[in-house]
1. Kindly provide the set of residues from the range 360-372 that are surrounded by fewer than 18 Cβ atoms within 10 Å (Cβ to Cβ) and closer than 13 Å to E288 by Cα, ordered by number.
2. For the range 339-353, how many residues are open to solvent by less than 60 Å² (accessible area, probe 1.4 Å) and under 25 Å from S321 (Cβ atoms)?
3. Go through the range 163-196 and report how many residues are among the hydrophobic types (A, V, I, L, M, F, W, C), at pLDDT below 70 and either in contact with a strand residue (DSSP E or B) (Cβ under 8 Å, 6 or more places away or on another chain) or open to solvent by 70 Å² or more (accessible area, probe 1.4 Å) (or both).
4. Report, by residue number, each residue of the range 340-381 that is more than 28 Å from E194 (Cα to Cα) and part of a strand (DSSP E or B).
5. Can you tell me which residue in the range 300-324 is surrounded by the most Cβ atoms within 10 Å (Cβ to Cβ), limited to those that are in a loop (DSSP other than H, G, I, E, B) and at pLDDT 80 or above?
6. Conditions first: (1) over 16 Å from I196 (Cα atoms); (2) within 43 Å of the chain's Cα centre (by Cα); (3) not small (G, A, S). N242 passes all but one, so which condition is the exception?
7. Quick one: would you say R258 is within 30 Å of I358 (Cβ to Cβ), within 47 Å of the chain's Cα centre (by Cα), at pLDDT below 85 and surrounded by fewer than 19 Cβ atoms within 10 Å (Cβ to Cβ)?
8. Run down Q153, Q137, Q160 and say which single residue is open to solvent by less than 80 Å² (accessible area, probe 1.4 Å) and under 30 Å from I320 (Cβ atoms).
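The values are calculated or read from the model by the stated rules, or taken from the named source; none is laboratory data. A quick note: this is a predicted structure, and the numbers were derived from the prediction, not measured. Backbone-built Cβ (ideal geometry, glycine too); neighbour counts: all protein chains shown. Each accessible area value is taken on the protein alone, full model and side chains, heavy atoms only, with ligands, DNA and RNA left out. Shrake-Rupley method; radii C 1.70, N 1.55, O 1.52, S 1.80 Å.
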Amino acid sequence: MYGIKLLLSLIIVAGIIAYVGDKIGMKIGKKRLSLFGLRPKHTSIVITVGTGILIALASLVLLMGASKDVRMALFDMEAMLERLSVLNQSLASKNNELLDLRRDIDKKVNDLLILEEDKDNLEADLTKVKQEYQIAQESKLELEDKVEELNLQKSSLTEQVDNLAYNISLFGRRYLSSLTGDIIYQKGEIIIEEAINLEEGLNKVEAKVNKLLEQADVLARQAGIEVKDKKGSITYNNQELNGLYEILKNKKDRVILRLVTAKNTFKDEALAINFDIYEDYKVYQQGEPILVGEVQSTDNLSSIERDLDFLLENLKRKVISDGLLVDPKGEVGEISPITLYPIIDRLLMENKSSRIQIIALNDIWRNDNLKDNIEFKILGDDNDNWN
């Protein structure tokens, strides 16, 4: 809008100047006036040229008055060109910076895409790790169950090993005793034992323990212990005895108390004893099968006796493994094939392979004698049992 007004102003001013110049030229031409001694014709030309110059000057003045940029273009063109050059260089620099910035942006975008891809991969790995962790947790629970089961098996095996170790130790003591006749008792040898019902109360329990000590003293004297200037043939630690009572006070049901030798004992010294306690429990119920063995078909007596010996050895290992305690002689109740002659006669008559089952005749506790509490039965024969 501003440019249109300026253009109209220039046209109007130029028209006015041309009109005035024309009028002046006509008057000079009519009067045939002369300027600076020139001919009228040349004077008219000068006035016409002057009028054009005035129009141009008026246009410039009007433009300079209307626009600061026109004044700068007329009088400060070189500075403007230098400034324009600087601005072009600055623009080029900014364009380069813009290109670098765009490259950086593109790089950042690529990096961002890579990071997003890495993020997706990490999330996938995390999901996989969580699944593996869940599987590991389930495996851990299974392993804990197995460990618990193995611990139970370990406890059972430990008890079996203890029983076997005791039997081995007892055998060793017997062998040593055969070599050293002056030793009356070997270390760890059982003097006496008894099952105690703790439900009877502590007073009765103490009375039973004192009775066992008296019996142990008698047995020691009978075995050949001769102690001079002492009231008794046995000795024990009173603190250990008091600790025994404290243990019995906190237990229930039944226990087996054994008095065992604390060291190798010669006939001229007092018998030092220790107190061993075992949990008493029912190893077999009445009528419960204990073991099944096989006797091969034969009419040879020695072969049948050999198979029965093997059966009795397996029986001994089985009941000890199940928790039956051995007696002071290291036995669970002496059973000889001679006592099984009725079975042997039957096997000889039938002359065929037979399976023999051993059954608990009564409830069998840990310190019961096996011989008096079992019966033998030929499977398939419901009429003949032997005990």
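1. Our first condition is that a residue be surrounded by fewer than 18 Cβ atoms within 10 Å (Cβ to Cβ); within the range 360-372, this holds for 361-363, 369, 371-372.
Residues satisfying the conditions are L361, N362, D363.
2. 2
3. So the answer is 4.
4. S354, R355, I356, Q357, K377, I378
5. Checked the range 300-324; the qualifying residue surrounded by the most Cβ atoms within 10 Å (Cβ to Cβ) is L324.
6. (2)
7. No.
8. Q160
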